[in-house]
1. Would you call L319 over 21 Å from the mean Cα position of the chain (by Cα), modelled with pLDDT of 95 or more, of a type in the set (A, V, I, L, M) and within 16 Å of H375 (Cβ to Cβ)?
2. Taking Q354, is it within 13 Å of G186 (Cβ to Cβ), of a type outside the set (A, V, I, L, M) and more than 16 Å from the ligand (Cβ to nearest atom)?
3. Just one of L283, L307 is in contact (Cβ under 8 Å) with a residue 40 or more places away in the chain and either over 16 Å from G73 (Cα atoms) or within 16 Å of the ligand (Cβ to nearest atom) (or both); which is it?
4. Look at R166 and say whether it is more than 23 Å from G107 (Cβ to Cβ) and part of a strand (DSSP E or B).
5. For the stretch 323-337, check the following and say yes or no: at least one residue is charged (D, E, K, R), touching a Ser or Thr at 6+ places or on another chain (Cβ under 7 Å) and assigned by TED's automatic domain parsing to the domain that holds E388.
6. Restricting attention to the stretch 111-133, report how many residues are surrounded by fewer than 24 Cβ atoms within 10 Å (Cβ to Cβ) and either over 22 Å from G374 (Cα atoms) or more than 12 Å from the chain's Cα centre (by Cα) (or both).
7. Restricting the search to the stretch 385-401, which residues are surrounded by fewer than 22 Cβ atoms within 10 Å (Cβ to Cβ) and out of contact with any strand residue (DSSP E or B) (no Cβ under 7 Å at 6 or more places or on another chain)?
8. Every residue in the stretch 374-407 that is without any contact (Cβ under 8 Å) to a residue 60 or more places away in the chain and over 23 Å from the mean Cα position of the chain (by Cα), please.
Amino acid sequence: MNDYSSYLSPMGRRLHESAIRRMGTVLARQTDVVSFAPGYPDSGSFPWEELREITQRLLSGTDHEVLQYGPTGGYTPLVESIVPILDARGITVARDEVLVTTGSQQGLDLIARLFVTPGDVVLVELPAYTGAIAAFGNAQAQLVGVRQESDGISLEDLDEVCERHRAAGRRVNLLYLVPNFQNPTGLLLSLEKRRQLLEWAERRDMLIVEDDPYGSLYFDDVTRVEETRSIRADDKSGRVIYLSSFSKTLVPGLRVGWVVAPSTLIDRLETAKQSVDLMSGSLDQRVVYEAIRGGAIERLAPRLRELYRRKRDVMETALRAEVGNLLSWTQPRGGFFLWARLPDRHDDMGLLAQALEERLVFVVGSAFFVDGTGHDRIRLSFSAPTPERIQEGARRLAAALRHPVASEHSSR
Ligand SMILES: Cc1ncc(COP(=O)(O)O)c(C=O)c1O
């Protein structure tokens, strides 16, 4: 038997591999590929020595709880140490307002399970993080995109889109966005818009899902903490559900993230989590906790900012040298991504096909657009490759851009 389609649920039928995952498969099959595709941290930045020492200590066998089932809500000392991390971001919470999740990706999935009735409209940015598109899409939301401006989501369009769908009888309760160094654009939402969004959510009776994995990875002194202040920090009425993660500030492989929400919602998210994984890994959570306790996150943060700022500079310099003004972009002031606009005669799919010939991968812009547009963009991650590979990738991109254009979207 090989056709199971009649057995599948509507969600099962909808499940398709993401464009980014597909890039990973392409990579696995080829050698000497330069990858600007996945938003992986630089594995050279991982505190290997420290993590080895912590893990050895934890696995010495003196504490049997280390490999035992634990509370669904998270390892209590870890939850307690997330509270001051949030405090430093201006977010004051009690312990029962935090849920540890298996990466913030799981937080997104749990939120979608909790809030989305099939057919609901969920508002996202144009473009939006593919993992959120997948999580809300799997819950059978209709994702509706809202245009971005240079300082983040357009508030006029947001209100218009929200009210238009409500007037058409649709349920519209959630707005998902990444205010700090957004994946994929690298954009920073202005402070004024953050303030206005809270007023808007109150006025329109909306919930905001604020996803913040990159906030502490700012590159210039001007940005600093003030400009990355979370929307949740000024939320007085419980309109914002906040997610963050240790994936970019420590390591992603331990899969430890968290959700902040009012305790009544945390209870429900926790119950939903029980049927997903019972609990996030005990060892993973303890390793992260011990790393926090030993000061690893604080020690790493300035180094990571410096590392990724340097890589951003290498990518910008290499692109300017190799592709000249064929590509244009706004300089990312933090995070992992450079979001490039293609010249008129190119489109993302056609260029990717040419890039693969040159053994280069990136993510096509259209993967991030829920309205089927975005073919004039590509996302280039500078976080994982070495400076030499970034330079080599820029050369390959220049070669791909020189190829003649032939694609179904090239008439854009
Ligand atoms: C905006 C955004 N949200 C969530 C995630 C998922 O992160 P985690 O590793 O914590 O699941 C990512 C990962 O790249 C991301 O870019």
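The values are calculated or read from the model by the stated rules, or taken from the named source; none is laboratory data. Since we're looking at a predicted model, the values are computed, not measured. When we count neighbours, we look across all protein chains shown, and the Cβ atoms used for this are built from the backbone with ideal geometry, even at glycine.
1. Against the criterion (over 21 Å from the mean Cα position of the chain (by Cα), modelled with pLDDT of 95 or more, of a type in the set (A, V, I, L, M) and within 16 Å of H375 (Cβ to Cβ)), L319 does not qualify.
2. no
3. So the residue among L283, L307 that is in contact (Cβ under 8 Å) with a residue 40 or more places away in the chain and either over 16 Å from G73 (Cα atoms) or within 16 Å of the ligand (Cβ to nearest atom) (or both) is L307.
4. Working: more than 23 Å from G107 (Cβ to Cβ): yes; part of a strand (DSSP E or B): no.
Considered against the rule, which asks whether it is more than 23 Å from G107 (Cβ to Cβ) and part of a strand (DSSP E or B), R166 comes out as no.
5. From the stretch 323-337, those charged (D, E, K, R) are 333; that's our starting set.
Applying the additional criterion that residues be touching a Ser or Thr at 6+ places or on another chain (Cβ under 7 Å) yields 333.
Next, from what is left, pick out any that are assigned by TED's automatic domain parsing to the domain that holds E388: 333.
Checking the stretch 323-337: at least one residue is charged (D, E, K, R), touching a Ser or Thr at 6+ places or on another chain (Cβ under 7 Å) and assigned by TED's automatic domain parsing to the domain that holds E388.
6. The qualifying residues number 10.
7. Matches in the stretch 385-401: T386, P387, E388, Q391, R395, A398, A399, L401.
8. Those that are without any contact (Cβ under 8 Å) to a residue 60 or more places away in the chain and over 23 Å from the mean Cα position of the chain (by Cα): E388, A399, A400, R402, H403, P404, A406.
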